[in-house]
1. If I model a spin label as a point 7 Å beyond the Cα along the Cα-Cβ vector, how far apart are those points for residue 149 and residue 80 in nm?
2. Loop only by DSSP, 15 or fewer other Cβ within 10 Å of the Cβ. Give me the chymotrypsin sites (Phe, Trp or Tyr not before Pro) in segment 1-31 that pass, ordered by residue number.
3. Would you grab the residues whose amide H sits under 5 Å from the one on residue 126? Only those 5+ places off in sequence or on another chain, please, with H modelled 1.01 Å from N.
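None of the figures in this text is laboratory data; all of them are computed from the coordinates on show. None of these values were measured; they are calculated from a predicted model. For neighbour counting, all protein chains shown are included, and Cβ atoms are generated from backbone atoms with ideal geometry for every residue, glycine included.
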Amino acid sequence: MLQDILSGIPLGFFLAFMVGPAFFILLETAAIRGFKAAFAFDIGVILADIVFIFIAYFSTNQLLRSIKDDPGLFIFGGGVLTIYGLIAYIKAKNATYTKADFEVQKLKRKDYLGIVAKGFLLNFINIGVLGFWLGLLIIFGPSLEMEASRLVIFFTSIIVTYLLVDVLKILLAKKLNNKLTPRRITLFKKGISFLLIIFGLILILRGLIPKEIEEIEKNLENVSYKVDNF
């Protein structure tokens, strides 16, 4: 049991610092809307991860292969993310903010439910996340003898570590609230929206030209390896 927990903790740290759409939206929510809103968003992200883990567990390697061979999934997810980023950018560009707009306000229960749903959907449309969990199951499943109890402990340790690290990120990002001005919040929202568009386009390209994207990723990994060992 202890070994399974220790095996999952480093992966939880890795997952918490994976740079993706949810990563930046989490920081934005923490800085602008406060701890509770950011935590609610993170719960939504984690719920999507849990759904992906169940899908991975009840599937086979064939599902992973079908995901890689079906560019439509990446194009659809990338398209949704790109459109979301464009809409967010246009809203940020046309909005006129005052100090009251980004002061932490008391939210109602339905507001939190909406934020949870936003975190869930933003993570769920990224089909690459499902590939990540499938990959972990394929890599670590045999060493855990595919026992349900050991898999639960392993994946729970990953999720709990991920959540704890995210709480620290939220607390750090929340401190930015005091430094926000209407101009800075506009630039901040535009920057986040632009990053979402970039991630969406990358997903679309992964669906349109998968081999070329994989080659680029391998080249980047080789460059990173050479720099680390310089």
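1. Computed distance between label sites residue 149 and residue 80 equals 3.7 nm.
2. Counting only loop positions with at most 15 other Cβ atoms within 10 Å, the chymotrypsin sites (Phe, Trp or Tyr not before Pro) in segment 1-31 are 17.
3. Long-range HN contacts for residue 126: none found.
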